[in-house]
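What follows is a set of notes on a single structure, which appears directly below.
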Amino acid sequence: MGRKAGALYINPKKFGGVTKPCMIEMVSFLNCLALNKQNDDKCVRQKDLLVACAQAQKGRPKNAAKTINYHLQRLARDKGI
Amino acid sequence: MGDFDGEQKELIKKLVNFRMIDGKRTRVRAIVYKTFHRLARTERDVIKLMVDAVDNIKPICEVVKVGVAGTIYDVPGIVARDRQQTLAIRWIFGAAFKRRISYRISLEKCLFAEILDAYRKRGISRKRRGNLHGLASTNRSFAHFRWW
C-alpha cells in the first residue's frame, strides 16, 4: 500500500485524516438523507454534527499536510535520485 | 439600519447587490424594501423572517465534478458558510424571477411569495436545495475521491 522513496517508506493513509476533514460526518448525513427520502428534518443530529465539524475546520491552515507526491519529490531532490 | 448586527447588515447588502444590473442600486433597493414592507404585513420581525428563510434554503452538501482515470464523477463535498448564503440568495432571486416570467407580476410580489415559501420550507428554491442534496446522497459512494 505504501510507497518507497529511497530507503524511506511513506504511508499515504497517514495524511488522509488531515486532508479530508469531516468525511465521516458528511457520509453519515448523506446516508441519513438517502434513508429518509431527502427529508433533512429527520437528520437534525447528523446535520448539527456536520455543521459543528465544518465550523471547527475554519481556523485550519490550507496546506497543513502536503500531498504524498510533494513528499516524494522533496525526498528525491534531497537524495538526488 | 441602526439596530441590526453585522451579519444582518451583510445579508441586506447581499440581497441588494445580487439583483443589481448596470450599477442601478437605488432601483433594486426600492424593490427589496417594498418586499420588506409586504413581509411586515404578515410578520412583525421582517429580518428574522428573512434570516430564517435564507437558513432554510442554505445547502450543506454539494457535488463537484472530478475527473478520475478518464471518467468524470460527481463527488459530494461540504459547502463553505459564505457560499451557502450566496447560493441561497441566488436561488431565491432566481425562483422569484421564474415566477415573474410565469405569472407576469411585479418582482417584489414574486420575491415576497418566494421568501414566504422559503420560510415555510417549500417553493422552487427549497426544491432546488432538495435536488442538490439528493444528488449528493446518490453519489455518496464516490466521497472517497474528495481530497479538499
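In the context of the full protein assembly, residue A:67 retains an accessible surface of approximately 80 Å², using a probe radius of 1.4 Å and ignoring ligands and nucleic acids.
Close amide-amide hydrogen proximity is noted between residue B:64 and B:75, B:77, each under 5 Å apart and 5 or more residues distant or on a separate chain (H modeled in the peptide plane; Pro and chain starts excluded). Expressed in Å, the radius of gyration and Dmax of the Cα atoms of the range B:56-108 are 15.8, 50.
Sparse packing (at most 12 other Cβ atoms within 10 Å of the Cβ) combined with a DSSP loop state is found for the following trypsin sites (Lys or Arg not before Pro) in the range B:10-105: B:24, B:44, B:104.
Taking all Cα pairs closer than 8 Å and separated by 6 or more residues, the relative contact order of chain B comes to 28 percent.
Heavy atoms of chains B and A lose about 1600 Å² of accessible surface on contact, summed over both sides with a 1.4 Å probe.
Averaged over peptide B:60-72, the number of partner chain Cβ atoms lying within 10 Å of each residue's Cβ comes to 1.
Residue B:73 contributes about 60 Å² of solvent-accessible surface, heavy atoms of the protein only, 1.4 Å probe. Its residue count N fixes a reference of 2.2 N^0.38 Å for chain B, and the Cα radius of gyration divided by that reference is 1.18.
The values are calculated or read from the model by the stated rules, or taken from the named source; none is laboratory data. Please read these numbers as outputs of a predicted model, since none were measured by experiment. With ideal geometry, Cβ positions are generated from the backbone for all residues, glycine too; neighbour counts draw on all protein chains shown. All accessible areas refer to the heavy atoms of the entire protein, side chains included, with ligands and DNA or RNA removed. Shrake-Rupley method; radii C 1.70, N 1.55, O 1.52, S 1.80 Å.
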